[in-house]
Structure formats: structure tokens, C-alpha cells
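See structure below.
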Amino acid sequence: MRLLRMVLAVGLLGIGFAGCAKPIRHTDVAAAADMTTTASVVQTASARYSQPMPNRIFSSSQLAGRTLEVATTADIILRPGEVVLTFDDGPRAGKTPRILDALDRYGVKATFLMLGSAAKANPALAQEVARRGHTVGSHTYDHTDLTQLDRQAAIDEIARGEAAVAAALGPERLSPFFRFPYLSQTGYLRTTLLQGDMVVLDVDIDSKDYFKDTAEVVTTRTLERLDARGSGIILFHDIHQRTVDMLPGFLADLEARGYSVVRLVPRTSGVFGRSVITADAPVDASPTTQ
């Protein structure tokens, strides 16, 4: 993949986001005015359709919903009863294949935000995710809290992750979708990515499947939050056994409640049709196997 140099634009954006598995820490690596670390899940564009849900109000007879073409984060506007399934931190042998099988059984597509290090270690599995029709984006190289790095180091980490995922995918398509590790970011980083034509995926419903809970607890918690909201982007991780165990039942419950799963795809022709975030340092993106 040829990486194109883009001009970094400094912008401040005061938007709040949620912590993931790690508490947000304050840092002195950037000025306080530049910090936009998170304390609660962001209200994305889909929030305008939020409403309390009874057990079933939708008339959908199948779980697979529409395909939504996305060019910017603002394009992700969901209707009542629509959900987007996202899986972070993979791919992982023994876990991701079973996630794919469950999604296949219900005929739905998800978005996988892969770590560069994980994709490099499992290139065949990364390619399998894409071949099965799922959207693949990036999630940095090593799942680093970017707010703990200086600006250039943070950009380098994002670029290295994207390049490694693209290299692992080979002929398969890398989408310009990105999620911040721990949902922790700064206004500068978010603005830089958006101006680089990346689509930052936020989270409406955090399943918290990284907690050491049973599959049943994860299912109940996620459904309760979804029913209260009515639609949204759901965060899972394809690296936990509890997520593997809960997903088939969760998908069955979604179908029984009349929800539909929206497939996100990029509107552009892929990373070659946009300005890619690049790092100053050379990127080692050669795929290896475990």
C-alpha cells in the first residue's frame, strides 16, 4: 500500500466519549485545552432517534437490515430499531472464526476494527473476515492510549496500525473506519483523522464484554441498554470467550425483538481514494504468522 502524506490540521473539538476497559487518565503531554478524554458514551448522530423500547415494536421479520454507505462519521444515522455490530481488538484464532460463524447463521454483517499487531499475526484470518463480507477497519497497532502520547507519536501509532491491517488483508479491502482505543482521544487527533477522510466509529451501547461476567450477564446488560435507547452502534470484542458464547443467543434475541442489523460500508473506493494518515517513521507492515 502506498501511503500519501497529508497536511496535519490542528483543530479543537469538544466532544465527550466513553472509557472502555481502562479508566481515563489525565496527561500533561498536551495542553489541557487540547484534551477531550471521555467519561460517557458519545451521543452520535443516531441519538436523535433514541427512544425507550417495549419488548417489541418493530415489524422486521429478519435480522439482516440495510447497507449504509458512509463517507464521514456524520453519515451514520440510524433509524429506530437499527443496530450496528462492531468487534474490536481482533482477529484472534479460536475466537474470531466462531464469531463469523454466528454472524453467518443469521445472515448479518459486522464491522471489525482490527489491531495492526493482531492482523499481522493472523493475516489469513484477517482476510477471512473480509472475504465473508464484513467491513474491516483499524484500531491502532498496539491498543495504546493515544492521549498518553505526544501528537506525532499518536499519529504514528494510528498510521502503523492502519498500514499493518492493510498489509495483512492483501487483496482484500481495508475500509477507512477507525476506533480510538479505550474511546480515549483528543480534539486534535479526532480533527486530524476526520480531515484525513477517516471515519471515526463511536459507541452508543458498550456491552462491557471485557468485564469478567458470564455470557448471560453480558447479553442481559447489552439488551437492556439497547432497549432503553432503541438503536445504536454496539461495541463487542472478538477476543473473549464470553462474547463467543453469548453472540448466538444475543442475535436470536435481537431478531425476536424486531431489530435489524445495518451493514456499514465505505462510500469511497477504499484507502486509495483518500488522504491516508501517515507516520514519519518507516512502517513495518509485513504480515507474519503465529
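Numerical summary
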| item | result |
| --- | --- |
| Residue check for Ala74: open to solvent by 40 Å² or more (accessible area, probe 1.4 Å) and in a loop (DSSP other than H, G, I, E, B) | no |
| Long-range neighbours under 7 Å by Cβ, at least six apart or interchain, first residue in contact (Cβ under 8 Å) with a residue 24 or more places away in the chain and assigned to a loop (DSSP other than H, G, I, E, B) within segment 145-160, second open to solvent by 10 Å² or more (accessible area, probe 1.4 Å) and of a type in the set (Ser, Thr, Tyr) | Asp145/Tyr182 |
| Where Pro97 falls short, out of the listed (1) open to solvent by 20 Å² or more (accessible area, probe 1.4 Å); (2) over 24 Å from Glu255 (Cα atoms); (3) modelled with pLDDT of 95 or more | (2) |
| Residues that are of a type in the set (D, E, K, R) and open to solvent by 40 Å² or more (accessible area, probe 1.4 Å), drawn from segment 166-179 | Glu172, Arg173 |
| Members of segment 245-267 found to be surrounded by 20 or more Cβ atoms within 10 Å (Cβ to Cβ) and over 17 Å from Gln62 (Cβ atoms), listed by number | Met246, Leu247, Leu264, Pro266 |
| Residue count for segment 54-81, restricted to those that are in contact with a helix residue (DSSP H, G or I) (Cβ under 9 Å, 6 or more places away or on another chain), modelled with pLDDT of 55 or more and closer than 21 Å to Ala256 by Cα | 7 |
| Residue among Asp213, Asp209, Asp197 that is open to solvent by 40 Å² or more (accessible area, probe 1.4 Å), modelled with pLDDT of 95 or more and acidic (Asp, Glu) | Asp213 |
| From Ser50, Ser46, residue being surrounded by fewer than 19 Cβ atoms within 10 Å (Cβ to Cβ) and either under 15 Å from Ile205 (Cα atoms) or modelled with pLDDT under 95 (or both) | Ser50 |
| Test: residue in segment 77-98 that is without any contact (Cβ under 8 Å) to a residue 60 or more places away in the chain and under 16 Å from the mean Cα position of the chain (by Cα) | yes |
| Residue that is open to solvent by 10 Å² or more (accessible area, probe 1.4 Å) and touching a Cys at 6+ places or on another chain (Cβ under 6 Å), where the choices are Tyr106, Tyr141, Tyr182 | Tyr182 |
| Members of segment 169-199 that are touching a Pro at 6+ places or on another chain (Cβ under 9 Å), in a loop (DSSP other than H, G, I, E, B) and closer than 14 Å to Thr140 by Cβ | Met198 |
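The values are calculated or read from the model by the stated rules, or taken from the named source; none is laboratory data. For clarity, every value in this text was computed on a predicted model and none was experimentally measured. Neighbour counts are summed over all protein chains in view; Cβ atoms, including those assigned to glycine, are modelled from backbone coordinates with ideal geometry. Each accessible area value is taken on the protein alone, full model and side chains, heavy atoms only, with ligands, DNA and RNA left out. Shrake-Rupley method; radii C 1.70, N 1.55, O 1.52, S 1.80 Å.
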